[in-house]
1. Kindly list, by first and then second residue, each pair from a residue in the stretch 450-473 that is free of Cβ contacts under 8 Å to residues at least 60 places away in the same chain to a residue that is in a strand (DSSP E or B) and open to solvent by less than 60 Å² (accessible area, probe 1.4 Å), limited to pairs with Cβ atoms under 7 Å and residues at least 6 apart or on different chains.
2. For residue 104, all conditions in the list (1) of a type outside the set (D, E, K, R); (2) open to solvent by less than 30 Å² (accessible area, probe 1.4 Å); (3) farther than 27 Å from residue 436 by Cβ hold save one; what is the number of the exception?
3. Out of the helices (runs of 4 or more DSSP H) lying entirely within the stretch 142-224, which hold 2 or more residues that are among the hydroxyl-bearing types (Ser, Thr, Tyr) and either under 25 Å from the mean Cα position of the chain (by Cα) or within 27 Å of residue 121 (Cα to Cα) (or both)?
4. Does residue 179 count as without any contact (Cβ under 8 Å) to a residue 24 or more places away in the chain and either surrounded by 15 or more Cβ atoms within 10 Å (Cβ to Cβ) or under 27 Å from residue 112 (Cα atoms) (or both)?
5. Give the stretch 302-337 a look and list any residue that's assigned to a helix (DSSP H, G or I), in contact with a strand residue (DSSP E or B) (Cβ under 7 Å, 6 or more places away or on another chain) and not β-branched (Val, Ile, Thr), or say none.
6. Only one residue in 225, 257, 245 is surrounded by fewer than 24 Cβ atoms within 10 Å (Cβ to Cβ), in contact with a Cys (Cβ under 6 Å, 6 or more places away or on another chain), touching a residue at least 24 places away in the same chain (Cβ under 8 Å) and not polar (S, T, N, Q), so which one is that?
7. Specify the residue that is farthest from the chain's Cα centre (by Cα); the eligible residues are those in the stretch 370-389 that are buried (at least 18 other Cβ atoms within 10 Å of the Cβ) and not aromatic (Phe, Trp, Tyr).
8. What tally of residues in the stretch 279-323 results from selecting those that are open to solvent by 20 Å² or more (accessible area, probe 1.4 Å) and among the aliphatic types (A, V, I, L, M)?
Amino acid sequence: MTDKRAEADLTEVWRAWAAWGEKSRTMWATALGGAAPPPPSPPPSGPDPAVGGDAARAFLEGVLRPAQPVLDAQAAWARDIAALCQASVKRLRGEEAAPVIEPAGDDKRFKDDAWTKDPLFDTLKQGYLLTARLVATTLENSGGDPASRQRLAFYGRQVVDALAPTNFAATNPLVRRTALESGGKSLLDGLENLLRDLERGGGRLRPTMSDETAFEVGRTLAMTPGKVVFQNALMQLILYAPTTPKVHKRPLLVVPPWINKFYILDLTEKNSLIKYMVDQGFSVFVISWVNPDAGLAETRFEDYLSQGPLAAMEVMAEITGQRALGLVGYCIGGTLTACTLAVLAARRDHRVKSATFLTTLVDFSEPGELGVFIDPPLLDALDDQMARDGGLDGDLLSMAFNMLRDNDLIWSVFINNYLLGKTPAAFDLLYWNGDSTRMPAAMQRYYLREMYQKNKLVQPGGLTVLGHALDLRRIRTPVYLLSARDDHIAPWTSTFKATGLYGGPLRFVLAGSGHIAGVINPPAKARYGYWTNADTSLEAEAWLEGATSHEGSWWPDWATWAAGHAGPKVAARDPAKGPRPPLEDAPGSYVKVRI
């Protein structure tokens, strides 16, 4: 390759960089509330773009008074860019050159071979990564209180991730190659997908994450046999059919989150935690929450407690003849379970003989990245929106969670659907993730303000529910606490704090992976592993340092523990022959209501 050709190619690289820089300027202008031209491609809908503006202005003030780490990062960036220029010229001349920076091991954006083999795209990739690192370092050292720095880093990452060259047709080699090979059909298909998703969202972009024709709740998902044995305005109670001739005397009540639908615990037969529980000889009852409309706007958090677990317990006692039972709470369902136990403790009601908490926050002092949404201006805006609509829109809630893993759950979908023109694949987990639920206004306001913002649940007497001052320290029930090491929603170092709150015997187990995969990890797949350590008096990191690592799933460990608190075996209970005539087959009708 001649020097003249190399210079021409390098000029193309810098033109691409100039275009990227203009997109960057536009995005930052938008983030700071200024006027800006529309983006080159319609991005997924999300929170108000003004959110984070205060943090962004704080960043600019920090730039005017740069700390030494920021100056060092800027100097390092300049050196690295110079090294990248030299390496680019070498590669364009056909010489070898070591990369200046490489993507993180879990970064899937640059997997296409062209990002490494093509000198032009490799330069574009490395330049982006160097700049992203500079931005992250600058934001981390921007000054201000920790909460402001966290918000700034979060929203800054959203901007930087949105500006990745993979997200634009002109700078994504796979998109360019696919468009050429298809004669432009991929771009036309992407436009059709875009228009379909705009229509699907009523004018707001609502990306299709999975092939929705491949799944149906009750037919291909949530197929574990059972009967709905009770319902009220907030929930249906399901009793699953036994698969063993005898079952433990004390039944289990599973309290799932109502932020998402319960069938994450019963996706398919091969990965259903509910079926696993049934197969281990437990009588399993599960609450299926209603997908509320504006008519339930004034439903309170304590209504979920009284019409959820407390109502279910009475029905369970009637059906099984056993007042004693075990509870299993997941995510916010676990938070409700903790409140239920605190109410029962205040009433001196000791019917619950075991309690399992799956990735559950009760101490909200360090809620992780979700804390960026617990910002007073944003909460005020949410209150206004919920006052108008009677609840929190499920799509907005889903987008907030997706922003925690934006490259996987937002931009990869954006690229596949709209730039590559692909039809979404059939993926049960993504289908469930897109099956959103709404939140009643009164409940959501209470939950965000009293628990997330004020952290009152851990304060003895900080909350009064059903006339009882809650004190988690009065709970003497044996507890199994499961957390997930890579959980972005309920960080394990925060859920670990519950080990110092409950007053009874406690087993803490740390699973691998995140909020979903860490929980839904059947033994047959033998993935991720888990850690145990009997000494929960330690700080979280010290606990992990001294923990024993185990291969495979945590499910068998839990089953052994739960069986020890479930009583002797009795004849299996047939949900079709109990004292309450079944209302309908599992999974019931509440779970099938879509927004």
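1. Going by the 7 Å Cβ cut-off, the qualifying pairs are 461/469.
2. Failing condition for residue 104: (2).
3. Values: elements: 146-162, 173-181, 185-200.
Answer list for the stretch 142-224: 146-162.
4. Details: without any contact (Cβ under 8 Å) to a residue 24 or more places away in the chain: yes; either surrounded by 15 or more Cβ atoms within 10 Å (Cβ to Cβ) or under 27 Å from residue 112 (Cα atoms) (or both): yes.
Yes; evaluated as a whole, the condition is true for this residue.
5. Pass one, the stretch 302-337, residues assigned to a helix (DSSP H, G or I): 302-320, 332-337.
Still in the running and in contact with a strand residue (DSSP E or B) (Cβ under 7 Å, 6 or more places away or on another chain): 302, 305, 307-309, 312-313, 315-316, 319, 333-334, 336-337.
Across the stretch 302-337, the qualifying residues are 302, 305, 307, 308, 309, 312, 313, 316, 333, 334, 336.
6. Values: 225 fails: in contact with a Cys (Cβ under 6 Å, 6 or more places away or on another chain); 245 fails: in contact with a Cys (Cβ under 6 Å, 6 or more places away or on another chain).
So the residue among 225, 257, 245 that is surrounded by fewer than 24 Cβ atoms within 10 Å (Cβ to Cβ), in contact with a Cys (Cβ under 6 Å, 6 or more places away or on another chain), touching a residue at least 24 places away in the same chain (Cβ under 8 Å) and not polar (S, T, N, Q) is 257.
7. Initial filter on the stretch 370-389 (buried (at least 18 other Cβ atoms within 10 Å of the Cβ)): 370-375, 378, 382, 386.
Now restrict to residues that are not aromatic (Phe, Trp, Tyr): 370-372, 374-375, 378, 382, 386.
Numbers: 370: 9, 371: 13, 372: 14, 374: 16, 375: 19, 378: 19, 382: 20, 386: 22 Å.
So, considering only residues that are buried (at least 18 other Cβ atoms within 10 Å of the Cβ) and not aromatic (Phe, Trp, Tyr), the one farthest from the chain's Cα centre (by Cα) is 386.
8. Within the stretch 279-323, residues that are open to solvent by 20 Å² or more (accessible area, probe 1.4 Å) and among the aliphatic types (A, V, I, L, M) number 7.
The values are calculated or read from the model by the stated rules, or taken from the named source; none is laboratory data. Since we're looking at a predicted model, the values are computed, not measured. Positions of Cβ are backbone-derived with ideal geometry, glycine not excepted, and every protein chain shown enters the neighbour counts. Calculation scope for accessible area: heavy atoms of the full protein, side chains included, ligands and nucleic acids excluded. Shrake-Rupley method; radii C 1.70, N 1.55, O 1.52, S 1.80 Å.
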